[in-house]
Amino acid sequence: MLSQTITDFVTLAIAAGGWMEMDRVYLQNRVLGMIGEEEWRSADVRPVSDPSTTVLDELVACAKRNHVIDDTLAATEILEGELMDLLTPPPSVVNAFFAQHYAKNPQEATNYFFELCKNNDYIKTRAIAKNIYFLAPTEYGDFEITINLSKPEKDPKQIAAERTAVSADYPKCMLCMENEGYKGRVNYPARTNHRIIRMNLDGEAWGFQYSPYAYYNEHCIVLSEEHRPMQIAKKTFERLLRIVEVLPHYFVGSNADLPIVGGSILSHDHYQGGKHDFAMAKAPIERTFTLADYPNVHAGVVKWPMSVIRLQATEKEVLVEAAEAIRLKWQQYSAPELSIRAYSEDGTPHHTITPIARQNEGVFELDLVLRDNNVSDEHPDGIFHPHQDVHHIKKENIGLIEVMGLAVLPPRLAKELQEVEKFLLDQPHEMATYHQPWAEQIKQNYTISSESVHQIIEQEVGRIFARVLEDAGVFKRDATGQAAFADFTATL
């Protein structure tokens, strides 16, 4: 019965903390109006065991039957956001609750906010569950492989509506504070149920939120209140270490600030973090070296396909100074014989760092991943970017998440890898031709059966991803590359 569904939804809204029992009639009338219903029948106020999203689906289906909205993705998501906004306290209340929990324990505060964002469907848990995920053992540890199927595909109606939609520059981007509570439009996602925790990072205003399409556990974003470009500088290290001091159970890192080696959004200063142990964090230091000017900082090279320096210290301030010294040195370093060039002839800079911070048993850690965005005739997409022979699996930029050992692979691979399996089993197939050399090599290297083929494909995808990261490494894993890496660290 619809009235019972609405009553249950209102019960969930009151339980979320933004309303009181006195508000029940007001809320049920709000919901009635939003879904186009005129009648009300009495229903029981009872404990609700169904997930909030199940109740939401029933309300949205009713709105569609009543022609309140059409069946397009945009209209559906806008109404979903407006309904779930009722299950979400206002920003001031969410921030007050977060502060109350934080006073007891930082993890209790993030637990509260994370659960809120799942229950109000801001974090798209059902969509995320569609992602394909598996572990792939490599010499560098177990890489995490995901094929991203969580973001809904646009139907023809949605695409047609976007073509005629009026353009707007508000909010400026999807990371701006102005997204909080924004209704959304045909060509911009609904954010009515979105909330941001305010953070003060050494006198500067920042926000803390979760990613709606998370790639790992408690995937969060820390964003500048000011819409300004990404920049890796000394302040970056200061902020990252301050964040892991405030949230010691989280890691936090930054995408690089240059094209090709940077993330997908370079226009808004932000970091990403969460409660997740990536393979890179577990990777050992394979060679230590001394920083002459920073004797209290432990420094070493991480056993990893990319070129990573790990710094450890008990004091944040000395760690910041050491990291900045390395960044400045890398910014100027060139080894033309290895295609490593700090600047173009016109003065364009090519070197930057992907930094990751964490606390490890009371010790502050910074991983500094050396990046170079030069291109060449042989590698027009980037010399230290996935090379063309692995583009059939991964050709997109290698950002922070991939750097740490989690492959975010395109949706096309879900079906394409099934066709590769059929090819390997000598079954009728429609395998894409760009997989042919790889598939032929697999046939030569393995004894393949219907029982083993799936595991072999997963293992081979992991091997390709390791190659992808090796391509992105500036000092290669061979003797020449590692000798050059040792020469660079000797200058520190």
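The values are calculated or read from the model by the stated rules, or taken from the named source; none is laboratory data. Since we're looking at a predicted model, the values are computed, not measured. So basically every Cβ, Gly included, is an ideal-geometry build from the backbone, and we count neighbours across all protein chains shown. The protein model used for the area step is the full one, side chains on, heavy atoms only, and it has no ligands, DNA or RNA in it. Shrake-Rupley method; radii C 1.70, N 1.55, O 1.52, S 1.80 Å.
Before moving on, here are some points about what is shown:
- Relative intensity, log₁₀ I(q)/I(0), of the stretch 260-342 from a Debye sum that treats every alpha carbon as a point, q = 0.11, 0.15, 0.16 Å⁻¹: -0.41, -0.78, -0.89
- From the coordinates shown, log10 I(q)/I(0) by the Debye sum over Cα atoms at q = 0.09, 0.11 Å⁻¹ corresponds to which of (i) -0.72, -1.03; (ii) -0.60, -0.90; (iii) -0.80, -1.02: (i)
- Net charge in the neighbourhood of residue 28 (other residues with Cβ under 14 Å of its Cβ; Lys, Arg +1, Asp, Glu -1) is -4.
- Partners for residue 151 among lysines (Cα-Cα distance below 28 Å; same-chain residues under 8 apart left out): 64, 118, 124, 130, 172, 183, 275, 394, 395, 415, 422
- Sequence ranges 441-450, 16-25, ranked by mean other-Cβ count within 10 angstrom, highest first: 16-25, 441-450
- Solvent-accessible area of the stretch 202-311 (1.4 angstrom probe, protein heavy atoms only): carbon and sulfur portion equals 48 percent.
- Peptides 301-312, 374-385 ordered by average Cβ neighbours within 10 Å, highest first: 301-312, 374-385
- Neighbour cut-off at most 12 other Cβ (10 Å), DSSP loop, GluC sites (Glu not before Pro), the stretch 418-492: 430, 451
- Carbon and sulfur %, accessible surface of the stretch 426-492 computed with the full protein complex present, 1.4 Å: 49 percent
- FRET efficiency, residue 348 to residue 451 (Cβ-Cβ, R0 45 Å, nearest 0.05): 0.25
- Heavy atoms of the protein chains alone define the surface here; on that basis the stretch 327-386 has 44 Å² accessible area per residue at 1.4 Å probe size.
- Of all accessible heavy-atom area on the stretch 372-424, the percent that carbon and sulfur account for (1.4 Å): 48 percent
- For the stretch 1-79, accessible area per residue (1.4 Å probe, heavy atoms of protein chains only), Å²: 54 Å²
- Label-point gap, in nm, between residue 151 and residue 482 - each point 7 angstrom along Cα→Cβ: 3.8 nm
- Compared with the alpha-carbon gap, the fully stretched path from residue 376 to residue 39 is longer by 114.5 nm at 0.36 nm per residue.
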